[in-house]
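Below is one structure, written out as structure tokens; the observations come after it.
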Amino acid sequence: MAKSRNISEFIVERDINRCIRCQACVRVCANDVHFWDESSGDTISDDVRCAGCHFCEELCPTAALVIRQNPSETRKNANWEKEYIYRIIKQSSTGGILLTGMGSDRPHKDYFGRILLNAAQVTNPSIDPLREPMELKTFIGRKPDKVDIEKLNKNGVSVDETIACLLELEIPVMFSAMSFGSISLNACRAIAEAAKSCKTYWNTGEGGMHQSLYPFADRAIVQIASGRFGVNVDYLNKAAAVEIKIGQGAKPGIGGHLPGEKVSEEISSTRMIPYGSDAISPAPHHDIYSIEDLKQLIFAIKEVVNYKKPVGVKIAAVHNVAPIASGIVRAGADFITIDGIRGGTGAAPVVIRDNVGIPIEIAIAVVDQRLREEGIRNQVSIVAAGGFKTSSDIVKAIALGADAIYIGTAALIALGCHVCQKCYTGKCNWGIATQDPYLTRRLNPEIGAKRLYNLLRAWALEIKEMLGGMGINAIESLRGNREQLRGIELSEAELKILGIKHAGEAW
């Protein structure tokens, strides 16, 4: 057969009447889509190279550029959609695994979109958050089983107020794990600064903590992943909490790979690996093959940090997530992070991202219910991750049983990301998912931190409005309160698993 040509996902449309031939698009595109043609005296665009990031479109001074999805269609076939045909064409040419970035773009059911919130009416008056106090403060970590009270000889009692170390959040939203390597140092700094100013926490991911981020370490959750990159005693003790990463929502059951060409001197130093070498995270931790092994690691970490920091475990949302979570609690974890199928990543095989795991809404519900049934819900906090888009998603997740949530993709969008899903190429024009010095300078960390601060402030205001509308004045009163939720367009099985009633069902 004839050699098949590359198929463009996008079409670059240039209005020649508006284009002033300034060549700004030529200079800024990391994918070399645009080039100057001396013979014609015009700027030419190669559609095949376009990643759909829209950077050139936004920077064009005369708005001469428009990036559109390629409208070309294959013959209509319910079984052989255009996307699958193009995947086969690409793999038959390359013989390799198809990679992608960000979270799954498949049309998995959006359960948050099919869950509705309650509102106070007449007998349970609503609360105006502008005039009455509204508490969003959240504590992450193990809570005591009981309060020890000792009677004194003469007057009153003595209450033992000693509790395990907890993370204190002003808003139940934290920044998800994104490592230095998968994203730029400027992006890491923007996230860290925002976490400190919002009095919440950020997660280093599995790439260690760059020394320039140490001033924000008191608001950092550091990861111990299978590659053990950057892990040392100082790293653990500088942080506010430690998270053992077992899995993530975008690629459950598999490891990670940062190619050697992306391992700069700074990344090499931070991850404690040779300059230019591949950073490979094995699929399993080679010292964890059972809950007993996990327990040993948890308590080894607690010994290192002198029991002064909560230690959690991150897992992907999979079919048996509830019993796994139960085992993790009994292994001594102070919090569990559950990452759903829509969770983002810097790079993952398309086939894994789109077909492995379950939605975070389902995972929250079944884990919370299982831990309540076993009487151990107070021994751990549940942190949910994987595709949170709005403040209403957060409120619904907490009502399903989460203590707090992580945001990753939403945070990157606030920094400029247009979800072109080409993070794995290292050519992010927005200066986020790249280590190219020319590109990373495009992201100003101070401006980025301000945008992230604004996002969390806006969501906090919306959360307070929703709580007030339900007649609730503290986020703690909503946690696991599924009576505040009702489902629509959901089957009986789905409603049962979520633990909520159908719309119209009374208390």
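For the reader, a short list of remarks on this structure follows.
- For the range 236-269, filtering for residues that are of a type outside the set (K, R), more than 22 Å from the chain's Cα centre (by Cα) and in a helix (DSSP H, G or I) leaves 7.
- Of the residues examined, N454 is one that is polar (S, T, N, Q) and not in a loop (DSSP other than H, G, I, E, B).
- Pairing each residue of the range 201-212 that is part of a loop (DSSP other than H, G, I, E, B) with any residue that is among the β-branched types (V, I, T), provided the two are 6+ apart or on different chains, yields C-beta distances under 6 Å for Y201/I221; T204/V222; G208/T270; H210/T270.
- Residue in the range 426-439 that is modelled with pLDDT under 95, among the basic types (K, R) and out of contact with any helix residue (DSSP H, G or I) (no Cβ under 6 Å at 6 or more places or on another chain) present: yes
- Selection status of K427, charged (D, E, K, R) and part of a loop (DSSP other than H, G, I, E, B): yes
- The condition of being among the basic types (K, R), closer than 30 Å to I88 by Cα and out of contact with any Cys (no Cβ under 7 Å at 6 or more places or on another chain) holds for only one of R271, R342, R330, that being R342.
- Contact map, the range 58-69: first residue in the same structural domain as V26 (by TED's automatic domain parsing), second residue of a type in the set (A, V, I, L, M), Cβ cut-off under 7 Å, separation 6 or more or different chains; pairs are L59/A24; L59/V28; C60/A24; P61/A24; T62/I20; L65/V12; I67/V12; R68/I11.
- Qualifying residue in the range 375-383 (condition: modelled with pLDDT of 95 or more and farther than 21 Å from L167 by Cβ): yes
- Counting only strands (runs of 3 or more DSSP E) that sit completely within the range 26-137, those holding 1 or more residues that are touching a Cys at 6+ places or on another chain (Cβ under 8 Å) and modelled with pLDDT of 90 or more correspond to 34-37, 42-45, 65-69.
- Residue that is in contact with a helix residue (DSSP H, G or I) (Cβ under 9 Å, 6 or more places away or on another chain), farther than 22 Å from R370 by Cβ and not in a helix (DSSP H, G or I), where the choices are E505, E489: E489
- Looking across the range 328-360 at every residue that is within 22 Å of I413 (Cα to Cα) and part of a helix (DSSP H, G or I), the one that is modelled with the highest pLDDT is identified as I360.
- Qualifying residue in the range 459-469 (condition: buried (at least 24 other Cβ atoms within 10 Å of the Cβ) and either outside the structural domain of R342 (by TED's automatic domain parsing) or of a type in the set (F, W, Y) (or both)): no
The values are calculated or read from the model by the stated rules, or taken from the named source; none is laboratory data. Predicted, not measured: the structure shown is a model, and the values here were computed from it. All Cβ positions, glycine included, derive from the backbone under ideal geometry; neighbour counts span all protein chains shown.
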